[in-house]
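> Quick one: structure below, then a few questions.
Rule-based calculations on the coordinates, nothing more; no lab input. On a predicted model such as this, the values are computed, not experimentally measured, just so you know. Using ideal geometry, Cβ is built from the backbone for each residue, glycine included, and neighbour counts are taken over all protein chains shown.
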Amino acid sequence: MSPGPIDSRRVVITGMGGLTCLGNSVGEFWQGCVEGRSGIDYITLVRPEVYMKYPVHIDGEVRGFEPTDYMDRRDARRMARFSQMAVAATRQAVEDAGLDIGHVDPTRVGVLIGNGIGGIPNTDEAMRTLLSRGGMRVDPLYLPKMLPNMAAAQVSMIFGAKGYNNTVMTACAASTQALGDARDAIRLGRAEVMLAGGTEAGISELGLSGFSVMRALSTRNDVPQKASRPFDAGRDGFVAAEGAAMLVLESLEHARARGARILAELAGYAACNDGYHVVAPCPDGEGAIRTIRWALEDADVQPDEVDYISAHGTSTPLNDLSETLAIKAVFGEHAYRVPVSSTKSMIGHAMGASGALEALACVMTIQSGIIHPTINQEQADPQCDLDYVPNEARRADVRIVLKNSFGFGGQNACLVFKRFEE
């Protein structure tokens, strides 16, 4: 059995911010999703003479990002890129929520961020310096830059959020779990407001080589925009990406008291582990099945009430099949009626940030009544036979959304979003 509800407090979303390879705002990101545009292109964060040594030449980069648009130059110099992007996304989210933290008890405002690998480009650079010039020439701020908890720390310092603080590092499930844990922090009474989401900026030779030798990445270098193809029979791996997304979560009472606009309710959450393999999902989806069921139970939602599923949908042969099997096991015949789509088909896989980026799309789906497509659906896979909203967006009345995230190490996390109703 799943654990029962922690508390009866309702938790709502009042602001969102994001940076993705489709654009550096939630609006730009969502417009790209609705249009079915891919943000995947050739790598620029690694020099061509370096990445050409590897079988993968494409990624999903946040382009045109200028940290000083969001923070002081002095602060920016002390941060790794993943922290810079977290601060930028938080600033967008706080402004979107109309939240003046200066008029809120700062000890009741917390921060919870999901991250997969911290400042791995900084580690890459530090090792090059150590080997070529000696260890005493390494950046003095290397360690505090690369630590995964520094995104949450920098957000706390810059925005004056002095309450509950944590960093979740559960690989590809990290920011989905961060959002769920942030909701629970509010329900437990540890905070009234949580700045929560995820960030990842791991594009580097070290990251590229690590995933290449695992053979986890797509090698469709000829047409980058067609490389990420979740659930398609021709899928050959995921596309590495970066990005950041932050959401302002509040107790309903707090949001009402300040007259906040409410975008959606975060109604359900669950997490568990497959206990199966370091990188491969459980073939029959057993861990995913448990997590989905627990999240629906937590939200007091029946499977046939779900209007849309935001898939983990990585574009790897094993993940897409196991996720499809899990959806069928939980939803039965409704699995063939409920639309399922993968945001990663357009933005690639931003690892620890992916769940939060996809959460933006979940909320926008509820808000707009538009379900974005899974692009690059060209060849049907007989084993992946659900409605993946192929290639074109569609209009729908969406009240309840299930968000799936499944990560290395057997980490599973699911969220349930609801249209806010009194």
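> Return Y336, Y142 ranked ascending by Cβ neighbour count within 10 Å, so the fewest neighbours appear first. Mind showing how you got there, number by number?
On the way: Y336 12, Y142 17.
Result, fewest neighbours first: Y336, Y142.
> Moving on to the next point. With contacts defined as alpha carbon pairs under 8 Å and 6 or more residues apart, what's the relative contact order of the chain in percent? Don't skip to the answer; put the middle values down first.
Values: 1126 pairs, mean separation 100.2, N = 422.
This gives 24 percent for the chain.
> Can I ask one more? Can you give the log10 of the normalised intensity I(q)/I(0) at q = 0.14, 0.20 Å⁻¹, computed with Debye over equal Cα scatterers of segment 268-418?
-0.59, -1.33
> Order these peptides, 204-214, 150-160, by their mean beta-carbon neighbour count within 10 angstrom, highest first.
Details: 204-214: 18.0, 150-160: 21.8.
Top to bottom by mean Cβ count within 10 Å: 150-160, 204-214.
> Moving to a separate point now. Which value at 222 nm does the chain reach when only helices count, each DSSP H run of 4 or more adding -39,500 (n - 2.57), with the total divided by all residues and rounded to the nearest 500 deg cm²/dmol? Please report the intermediate quantities before stating the final value.
On the way: 14 runs with 142 residues, N = 422.
Helix-only estimate at 222 nm: -10000 deg cm²/dmol.
> Output the DSSP H helices from the chain with an along-axis C-alpha extent of no less than 15 Å and a mean Kyte-Doolittle hydropathy no less than -1.0. Numbers along the way, then the final one.
Numbers: long enough: 81-97 (24 Å, -0.14); 120-133 (19 Å, -0.54); 174-187 (19 Å, -0.42); 286-298 (18 Å, -0.39); 317-331 (22 Å, 0.60); 354-368 (21 Å, 1.09).
Helix filter hits for the chain: 81-97, 120-133, 174-187, 286-298, 317-331, 354-368.
> Further question: Give the label of the value calculated from the structure for Kirkwood radius over Cα pairs in Å, choosing from (1) 21.0; (2) 24.2; (3) 22.2.
Calculated Kirkwood radius over Cα pairs in Å: the matching label is (1).
> Net charge around P281, counting only other residues with Cβ within less than 9 Å of its Cβ (Lys, Arg = +1; Asp, Glu = -1)? Walk me through the intermediate numbers first.
Details: positive: none; negative: D274, E323.
Cβ neighbours under 9 Å give a net charge of -2.
> Another one. Take every Cα pair under 8 Å in segment 151-221 that's 6+ residues apart, average their separations, divide by the length, and report that relative contact order as a whole percent. Don't skip to the end; give the middle numbers.
Values: 36 pairs, mean separation 15.8, N = 71.
It comes to 22 percent, rounded to a whole number.
> Tally Lys and Arg at +1 and Asp and Glu at -1 over the other residues with C-beta under 10 Å from the C-beta of R220: what net charge comes out? Show your work: numbers first, answer last.
Details: positive: K226, R229, R235; negative: D222, D236.
Computed value for this residue: +1.
> Could you rank the peptides 414-420, 35-41, 238-244, 392-398 by their average count of other C-beta atoms within 10 Å per residue, with the highest value first?
Working: 414-420: 24.6, 35-41: 19.7, 238-244: 29.6, 392-398: 13.7.
My ranking of the peptides, most packed first, is 238-244, 414-420, 35-41, 392-398.
> Work out the count of Lys pairs in the chain where the Cα-Cα distance is under 21 Å, with the pair 8 or more places apart or on different chains. Let's see the in-between values first.
On the way: K145/K162; K226/K344; K328/K344; K328/K403; K344/K403; K403/K418.
Total qualifying Lys-Lys pairs in the chain comes to 6.
> On to the next question. How do the peptides 162-174, 13-25 rank, highest first, by the average count of neighbouring beta carbon atoms within 10 Å per residue?
Details: 162-174: 23.2, 13-25: 26.2.
Result, highest mean first: 13-25, 162-174.
> Under the rule a/c < 1.5 gives rounded, and otherwise a/b versus b/c splits prolate from oblate, where does segment 12-257 land using the Cα gyration tensor? Spell out each step's value before the answer.
Working: a/c = 2.07, a/b = 1.39, b/c = 1.49.
Oblate shape, in that a/c is at least 1.5 and b/c is the bigger or equal ratio.
> What net charge do the residues around V104 carry, taking every other residue with its C-beta under 9 Å from that of V104, with Lys and Arg at +1 and Asp and Glu at -1?
Values: positive: R108, R258; negative: D100, D105, E192.
Within the 9 Å Cβ shell, the charges total -1.
> Additional query: Could you put V12, V46, V278 in order, starting from the residue whose Cβ has the fewest other Cβ atoms within 10 Å?
So the ranking, lowest neighbour count to highest, is V278, V46, V12.
> For segment 12-257, what does the relative contact order come out to in percent, with C-alpha contacts under 8 Å and a separation of six or more? If you can, show how the numbers build up before the last one.
Working: 515 pairs, mean separation 75.6, N = 246.
Answer for segment 12-257 is 31 percent.
> Quick one: S342, S368, S132, fewest Cβ neighbours within 10 Å first, how do they rank? Can you show the working numbers first?
Values: S342 31, S368 14, S132 8.
If I rank by nearby Cβ atoms, fewest first, I get S132, S368, S342.
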